[in-house]
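First the structure, in the form of structure tokens, and then the observations on it.
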Amino acid sequence: MFKKILIANRGEIALRIIRTCKEMGIKTVAVYSTADRESLHVRFADEAVCIGPPPSKDSYLSIPNIISAAELTNADAIHPGYGFLSENAKFSSVCRDYGIKFIGATPEQINSMGDKASAKETMKKAGVPIVPGSEGLLESVKEGIVLANGIGYPVILKATAGGGGRGMRVVWKDEDFENAWDSARQESGAAFGNDGLYLEKYIEDPRHIEIQIIGDQYGKACHLSERDCSIQRRHQKLVEEAPSPFMTPELRDRMGEAAIKGATAVSYEGAGTIEFLVDKHRNFYFMEMNTRIQVEHPVTEEIINYDLIKEQIKVASGVPISGKNYFPNLHAIECRINAEDPYNNFRPSPGKITNFHSPGGHGVRVDTHVYAGYQIPSNYDSMIAKLICTAQTREEAISTMERALSEFVIEGVKTTIPFHLKLMKDPNFRAGNFTTKFMETFVFTE
Ligand code: ADP
């Protein structure tokens with residue numbers, strides 16, 4: 001087992017990883033930018049190394065700075081968390097060159113799944129259903145229009161390097177194609193330094209349901225059931241839950257099997273997520289694979305009593321998995337608490353937290369790195385906490401969530417708490433009756 005793990009991340013996920021390491025008797029090294037000096041992950045780690053100024057590219061995205069910190073502290077493994085370098089093949093490969101174990105996918109696996117257009121081809125070959133669309137990247141507007149007419153509008157143009165819902169445009173007719181093409185290319189070029197686009201049939205009113213999988217170094221993989229992430233705003237997740245209210249045992253078996261097929265096709269090592277779109281007839285289509293731990297992993301942990309970070313570390317150190325699949329026993333919901341103003345278009349609201357009281361009690365888990373007096377830097381993501389509530393049934397989990405949200409006090413900045421409180425009362429949400437379109441019609445005013 002590893003003796004010392006460096007956590008190449010910040011915020012709640014850095015703290016989340018430190019907690020598991022402590023329980024496993026593994027020493028930890030935090031890295032931080034000068035904007036994060038006062039963050040809890042710095043305080044809770046055994047050692048901490050400053051890796052640069054606030055901009056991510058000079059700190060959390062700087063491979064040389066992070067590797068130097070690992071060398072300096074003699075860390076034998078690096079956990080990348082999510083975002084930043086977690087799906088960076090070069091980083092995974094540099095770690096390998098330095099003899100430091102990257103707790104995540106191999107460079108080869110990241111490469112094969114990171115490019116979304118080629119990931120689809122790999123999955124198709126493995127027998128996983130995919131959304132009909134272009135084979136690989138589109139060369140021109142003309143080719144796109146011909147293809148769109150072939151599969152039928154609406155279609156969606158997507159950035160092959162995409163992430164976080166950026167670089168996507170839905171197109172309904174020929175006349176709009178060129179504009180959508182230009183703006184998607186521009187957005188993805190600016191965000192990812194890669195403006196390659198591919199095209200898919202736009203599935204109307206789908207659910208976003210993803211399967212958590214874990215694979216070991218010996219080619220074995222199992223699934224840990226699903227998460228429903230259909231409550232999104234501009235393709236970004238706001239609320240996640242497990243199991244999905246739309247799931248049936250039969251669909252879970254089919255999707256689970258497909259996910260395992262996909263994972264074994266690339267001999268997947270570590271924790272990963274296969275994202276699917278599911279239409280109202282319960283047809284499901286592969287969308288992408290995330291080769292890292294996800295923000296919403298706690299809902300899975302809660303319903304099957306399983307520490308995903310611990311299993312990631314064990315698998316990375318060479319421990320084999322049992323190979324059995326896991327099925328839900330409970331119901332868990334996660335609300336992302338962002339420092340954003342839900343009354344003003346979810347505008348980021350950085351600043352100082354003047355008062356902070358975290359909810360508690362049975363069935364309540366709060367993953368956060370903030371506290372009263374904490375200054376939220378404007379350089380990073382606006383998520384400041386995750387509130388996860390678990391109960392025997394979905395109805396009870398919603399009641400626990402309402403109660404916990406009403407106890408949560410965060411003052412000094414605007415947060416998404418009022419939005420979540422309203423959502424928990426929504427009759428369609430309560431009935432489990434929602435798709436990725438839900439937020440388009442959800443009315444939220446003061
Ligand atoms: P990202 O990596 O940027 O998050 P995804 O491929 O995971 O992009 O897609 C994000 C969201 O966009 C999905 O959850 C879904 O709501 C929507 N989406 C993506 N592809 C399609 C499609 N073919 N049809 C309908 N909605 C889609």
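Miscellaneous remarks
- Taken over region 1-135, the alpha-carbon convex hull comes to 130 cubic angstrom per residue.
- Region 31-97-region 207-250 distance, computed between alpha-carbon centres (Å): 28
- Over all projection directions, the Cα-based convex hull of region 141-201 averages an area of 3.4 nm².
- Too-long pairs where the Cα-Cα distance tops 24 Å, listed order kept, from K220/K280; K116/K237; K57/K90; K57/K101: K220/K280
- Charge tally for L85 (other residues, Cβ to Cβ under 13 Å; Lys, Arg +1; Asp, Glu -1): +3.
- Across region 3-48, the relative contact order, built from alpha-carbon pairs under 8 Å that are at least six residues apart, equals 42 percent.
- Across region 207-440, the mean sequence separation of Cα contacts (distance under 8 Å, 6 or more residues apart), normalised by length, yields a relative contact order of 22 percent.
- Positive contributions from Lys and Arg (+1) and negative ones from Asp and Glu (-1), summed over other residues with Cβ under 11 Å from the Cβ of F429, come out at +2.
- Under 5 Å between amide hydrogens, built in the peptide plane, is the criterion, and for H369 it picks out E12 among residues at least 5 positions away or on other chains.
- For the chain, alpha-carbon Rg over 2.2 N^0.38 Å: 0.95
- By other beta-carbon atoms within 10 Å, ranking W181, W172 with the fewest at the front produces W172, W181.
- Charge sum, other residues only, whose C-beta stays under 15 Å from F442's C-beta, Lys/Arg counted +1 and Asp/Glu -1: +3
- Label-point separation, N345 to S406 (7 Å along Cα→Cβ), nm: 3.3
- Backbone geometry of region 102-112 corresponds, through the Karplus equation with coefficients 6.51, -1.76 and 1.60 at θ = phi - 60°, to 3J(HN,Hα) couplings of 8, 7, x, 6, 6, x, 5, 5, 4, 4, 6 Hz, x marking Gly and Pro.
- Estimated purely from DSSP H runs of n ≥ 4, each contributing -39500 (n - 2.57), the mean residue ellipticity at 222 nm for the chain is -10000 deg cm²/dmol once divided by its residues.
- Reciprocal of mean inverse Cα separation for region 207-440 (Kirkwood radius, Å): 18.4
- Our coupling estimate for region 322-337, obtained by passing each phi through the Karplus curve with A = 6.51, B = -1.76, C = 1.60 and θ = phi - 60°, is 6, x, 8, 7, 10, 10, x, 10, 9, 10, 10, 10, 10, 10, 7, 9 Hz, Gly and Pro reported as x.
- Placing pseudo-labels 7 Å out from each Cα toward the beta carbon at R96 and E38 gives an inter-label distance of 4.2 nm.
- Each peptide among 75-81, 371-377 gets the average number of other Cβ atoms lying within 10 Å of its residues, and from highest to lowest they stand as 75-81, 371-377.
- Added length on full extension, which subtracts the Cα-Cα distance from 0.36 nm per residue, N283 to K422: 47.0 nm
- Annotation: amide H-H contacts under 5 Å for F102 (H modelled 1.01 Å from N, sequence separation of 5 or more, or interchain): I78.
- Relative contact order of the chain, defined on C-alpha pairs under 8 angstrom at six or more residues apart (%): 14
The numbers here are math on the coordinates, done by the rules we state, and not lab data. Only a predicted model underlies this, so the values are computations on that prediction, with no experimental measurement involved. We place every Cβ from the backbone using ideal geometry, glycine too, and count neighbours over all the protein chains shown.
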